[in-house]
Amino acid sequence: MDIYPALGDSFLKRESILGVFKKRLQAFAQGYRQNIGLIGIPLTGKSSLMYLMCDAIREMEMIPVLFRCRESESFERFSDRWMAEILLSCYRISFGNAPSQFHDILRSLRSLIPRTLKQMKKVKKSVFAYRFDQAYRELLSLNGILSEEYKKKVVLMIDDFDRLAELKLTDPFSAFGEEIMIQKETMYIVSSSKPKQGRAILQEKLSLLFGNFEVVENHPFDFEEAKEFIKTRLAGRELDERYVCFLIRMTDGHPYYLDILTSRLKSYLSVPDLSDEQLIVRTFARELDDKSGMLHHYFQMQLHSLQAGRSWLLAADTLAAISAGHKKFIPITRFLHQAKNDMKKVLQRLVNGEMIQKHGSIFIIPDPLFRFWLASVYHRDRFLFHSDRIQARQAFVREVEQAIQKSIHADASELPKRIEELFRQFKNDVVEMQERKLMCPQFSEVISKPNNGRVFPVVAKSAKTRWMCQVLSQRVTEEDIHVFVQDLERLRSPVQKRMIVGLRGIDLNAKLLAQEAKIHYLDLRKFNFLLDLYDRPKLVI
């Protein structure tokens, strides 16, 4: 599903990323080229960032060409659009706003870029003869010819560049890499909404001796950015902190989701006597459960995108099964009553499409709002029975209210209690975190132990292993490590897994000391990953 770039007040500029772009563009203008790969999950503003840079590129007397790869597109259409974007960019740099008639653009440019237009005719001829690999190489060479004719540098920006792999070409990235090394007067900025796949392409197929890519991560808002965004969007109504935290947990700081939800929330502010919770419930019902809601429509289109020449229903049902708590292969297979080989193919397809992630033996849908919609809307409509629409809406409202109460309860719980709740979810699982495996045994006992008046560490036991975990709300120091080691020494039985969770980071010396003492350190992001993996509310600080 294509979503247009977010501009204006609804798009929070990423100043740090824009700063990287401007720095690299200025260096390129002075003769030093560093290509950029912008990586991030969908709808976090990558297209908007590239769009915003076009004016800055023109001001530097360079030619910006912004091209967006599309899903399920023929090479014929792809090549036509590629050439059209180049011509539009040329017209804008020479004459300003483009006319409505395309032949007017061609007539105006005929005397300015004759060699470029001649090369475009060669591309059309190759496409007509179905020589797509040759046509692709000819397309890629257009920037070099254009640069020579204009005597200007070119900045080619390719949005969703990983979709080049979907074209009927022998090796699109190898040809792309060869052209990058040749065309020294072209800077390349590419983006991908599939972080794992995009990063792999940049590291494995476009790791070039001359013209390598600097990978720039475009993450969702962090907690502070998300809080500021909500506060700004709801100016005039200060939402209770508990419900702000709920919105952040449900969206994971996703700019697009927060934009849609806060816009809907704002539209209800004029309704008299609505509490904060009623505002949230009404907003979620309108956007997620109502078929005319923008988020409902977006998530439905996400499911339809799974089709790719095949029925999307089994893949969608698999997502629903995972969202309902069936996170391992055998439970998923049993829930859907499918053959194991068929399920393996579907799960692998979803992993490759980055709609789900596999961490050891557990599958997870990383997008919490999509996961909630699958469990409370799609799963209900597909697998459960409701006699009428009113009953279905009431069931959805209860789901939202329960999610809110779960979030509020988590915020009110002490940190050791949240660790205890997490450890009690372990079922002899193998969890993979950043290519490291963590064995999560089923504990027979989980308790908090007092220590020196500080936050209590949590001790967990099973028949074969013993864990001790300390969570620290401030930055971890060397002293914290020493105290933790002393606590370990007081225990009569050996501890196989020693763990510290640092919510505000860790000093370098403390980190080295922890490694020496064989203490496993988790930062807030990794701790929240574990909480999310086991359906516990993330810690929002």
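The values are calculated or read from the model by the stated rules, or taken from the named source; none is laboratory data. Everything numeric in this text was worked out from a predicted model, so none of it was measured. Because the Cβ atoms are built from the backbone with ideal geometry, glycine has one as well, and the counts that use them run over all protein chains shown.
For segment 139-170, a tally of residues being more than 26 Å from P42 (Cβ to Cβ) and either among the acidic types (D, E) or outside the structural domain of F213 (by TED's automatic domain parsing) (or both) returns 2. Screening H337 on (1) buried (at least 18 other Cβ atoms within 10 Å of the Cβ); (2) farther than 23 Å from R199 by Cα shows it passes everything except condition (1). Within segment 146-183, the set of residues being more than 14 Å from S207 (Cα to Cα), part of a helix (DSSP H, G or I) and not polar (S, T, N, Q) comprises L146, E148, E149, Y150, F161, D162, R163, L164, A165, E166, P172, I182. A single entry from A375, A403 fulfils the requirement of being assigned to a helix (DSSP H, G or I) and either under 19 Å from V244 (Cα atoms) or at pLDDT below 95 (or both): A403.
Would you confirm whether or not segment 450-460 contains a residue that is surrounded by 13 or more Cβ atoms within 10 Å (Cβ to Cβ), in contact with a strand residue (DSSP E or B) (Cβ under 8 Å, 6 or more places away or on another chain), of a type in the set (K, R) and not assigned by TED's automatic domain parsing to the domain that holds K328? No, every residue in segment 450-460 fails to be surrounded by 13 or more Cβ atoms within 10 Å (Cβ to Cβ), in contact with a strand residue (DSSP E or B) (Cβ under 8 Å, 6 or more places away or on another chain), of a type in the set (K, R) and not assigned by TED's automatic domain parsing to the domain that holds K328.
For segment 111-124, give me the residue count where each residue is more than 16 Å from K152 (Cα to Cα) and in a loop (DSSP other than H, G, I, E, B).
Of the residues in segment 111-124, 1 are more than 16 Å from K152 (Cα to Cα) and in a loop (DSSP other than H, G, I, E, B).
A Cβ distance below 7 Å, combined with a sequence gap of six or more or placement on separate chains, defines the contacts here; from segment 489-509, residues that are over 14 Å from Y521 (Cα atoms) reach residues that are assigned to a loop (DSSP other than H, G, I, E, B) in the pairs Q496/T465.
The lone criterion from (1) within 26 Å of F213 (Cα to Cα); (2) of a type in the set (S, T, N, Q); (3) in contact with a Phe, Trp or Tyr (Cβ under 7 Å, 6 or more places away or on another chain) left unmet by N143 is number (3). Checking the structure you have, find out if any residue of segment 490-508 is outside any loop (DSSP other than H, G, I, E, B), buried (at least 20 other Cβ atoms within 10 Å of the Cβ) and either assigned by TED's automatic domain parsing to the domain that holds I404 or over 35 Å from the mean Cα position of the chain (by Cα) (or both). Looking through segment 490-508, none of the residues is outside any loop (DSSP other than H, G, I, E, B), buried (at least 20 other Cβ atoms within 10 Å of the Cβ) and either assigned by TED's automatic domain parsing to the domain that holds I404 or over 35 Å from the mean Cα position of the chain (by Cα) (or both). The set of residues from segment 298-310 being surrounded by fewer than 19 Cβ atoms within 10 Å (Cβ to Cβ) and closer than 17 Å to D381 by Cα comprises Q300, M301, H304.
Matching residues to (1) buried (at least 16 other Cβ atoms within 10 Å of the Cβ); (2) more than 23 Å from the chain's Cα centre (by Cα):
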residue: R286; (1), (2): yes, yes
residue: H296; (1), (2): yes, no
residue: W312; (1), (2): no, no
residue: P331; (1), (2): no, yes
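Annotation: of all residues in segment 81-110 being surrounded by 13 or more Cβ atoms within 10 Å (Cβ to Cβ), more than 31 Å from the chain's Cα centre (by Cα) and among the polar types (S, T, N, Q), the one that is farthest from L156 (Cα to Cα) is S108. Answer yes if at least one residue in segment 47-55 is over 16 Å from the mean Cα position of the chain (by Cα) and part of a loop (DSSP other than H, G, I, E, B), and no otherwise. Scanning segment 47-55 turns up no residue that is over 16 Å from the mean Cα position of the chain (by Cα) and part of a loop (DSSP other than H, G, I, E, B).
When the residues of segment 263-284 are filtered to those that are outside any loop (DSSP other than H, G, I, E, B) and out of contact with any helix residue (DSSP H, G or I) (no Cβ under 8 Å at 6 or more places or on another chain), the one that is surrounded by the most Cβ atoms within 10 Å (Cβ to Cβ) is R282.
Taken as a whole, segment 423-446 holds no residue that is surrounded by fewer than 19 Cβ atoms within 10 Å (Cβ to Cβ), more than 30 Å from K196 (Cβ to Cβ) and touching a helix residue (DSSP H, G or I) at 6+ places or on another chain (Cβ under 7 Å).
When restricted to residues that are part of a strand (DSSP E or B) and modelled with pLDDT under 90, segment 439-470 contains 1.
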